[in-house]
Amino acid sequence: MHSLQFSVPLLPTSRFKRHSVRCASDRQQLFNRIAPVYDNLNDLLSLGQHRIWKRMAVSWSGAKTGDSLLDLCCGSGDLTFLMSEKAGVDGKVIGLDFSKEQLSIASSRQYLLSKACYNNIEWVEGDALDLPFSNGYFDAITMGYGLRNVVDKRRAMQEMFRVLKPGSRVSILDFNKSMQPFTALFQMPLTIKSFSFGKEWMIDNVVVPTATVYGLAKEYQYLKTSIDEFLTGKELEKLALDAGFSYARHYEIGGGLMGNLVAAR
Amino acid sequence: MVRLSKWLLKEAGTGVNKTLSDILVCPLSKQALRVCEEPPSLISDSIGVSFPIKDGIPCLVPTDGKILDTDDTMKHDNAADDSVNNK
């Protein structure tokens, strides 16, 4: 089994009860709590790969110079900053999230990173299910690791459709819930295969113990539940088409560990 | 220097810039919002709700909104920071 080197003790997962993170308020509080370590854990747990996946998501969105762009569930702003670079000084980017703590970190990063084009970013605390924007405003939308966490995915898709200009795209990056994990296994190179096969093992034996060091074990156990309850690529395509999008395609990336839904209005 | 000033103004919570206030609408009615300087907030006259602006960031989650009294549509009381929510 592919092993990562960690200098933290492995703790038995049975020690912690599974916490049901059902309602939006619970999830909002969860993301507020993990905000201080969110970026570091993303880097650690994906071995820095998340940066590549996010660049791919932005490319798929079709964002370009001068555009008005929206990054939903922006968190600490990784995708927002990439969108900002695409839009340039004549464009505009809104980073929206329902976690005030994540937005505070994003705002601080904006100031510290000191790139001229980042002045085109505005942060808004808002709800992906009730977007504070008028119809047909944005040239492109990105959403990274957000759709899995909204309590009403259908409504989120409908709101994204509403605020998009005709002909524009939404690019939604998230974990991939594979329909046929065992079939896919045999087609992958050994290193990636062991990593993907061990997704659940990884969460139980690497992700949660690492998060435990920061006192966030329950919060990262939520990750496993949310992936289990997420939709497959085909189901996501159908969700987008049902919401009114004229085109929807789900791409598997990161050896099948991640997926990116691209939908056009 | 301009960027620093803008950042400091936002941190002081004196409100959002004009571009942003033009883009944003009420999350519930999708109608235009009116900027209030003191306390910094965005008013949705269509539904009689005020949304706070904290550290320069507009808070437009529906549960962040505070219902305005009918006598109070043009000014706000001292408890404007309290929000109507189900926490």
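The values are calculated or read from the model by the stated rules, or taken from the named source; none is laboratory data. Please read these numbers as outputs of a predicted model, since none were measured by experiment. Cβ placement follows ideal geometry from the backbone for every residue including glycine, while neighbour counts extend to all protein chains displayed.
Structure notes:
- Residues located in the range B:54-67, provided they are part of a loop (DSSP other than H, G, I, E, B) and at the interface with chain A (Cβ under 9 Å from one of its Cβ atoms): B:Asp55, B:Gly56, B:Leu60, B:Val61
- Set side by side, the residues A:Ala116, A:Ala128 differ, and just one is within 11 Å of chain B (Cβ to nearest Cβ) and closer than 25 Å to A:Arg154 by Cα, which is A:Ala128.
- Residue in the range A:236-255 that is in contact with a Pro (Cβ under 7 Å, 6 or more places away or on another chain), crowded, with 17+ Cβ neighbours inside 10 Å and at pLDDT 80 or above present: no
- Any hit, the range A:94-107, residues being more than 11 Å from chain B (Cβ to nearest Cβ), crowded, with 22+ Cβ neighbours inside 10 Å and of a type in the set (Ser, Thr, Tyr): no
- Leading residue by the ranking (nearest to the other protein chains (Cβ to nearest Cβ)) among those in the range B:23-53 that are surrounded by fewer than 21 Cβ atoms within 10 Å (Cβ to Cβ), among the hydrophobic types (A, V, I, L, M, F, W, C) and part of a loop (DSSP other than H, G, I, E, B): B:Leu28
- Any hit, the range A:231-254, residues being more than 22 Å from A:Ile172 (Cα to Cα) and not hydroxyl-bearing (Ser, Thr, Tyr): no
- Set side by side, the residues A:Gly75, A:Gly48, A:Gly66 differ, and just one is surrounded by fewer than 24 Cβ atoms within 10 Å (Cβ to Cβ), in a loop (DSSP other than H, G, I, E, B) and at pLDDT below 95, which is A:Gly48.
- Qualifying residue in the range A:120-142 (condition: closer than 25 Å to B:Leu42 by Cα, over 18 Å from the mean Cα position of the chain (by Cα), crowded, with 18+ Cβ neighbours inside 10 Å and polar (S, T, N, Q)): yes
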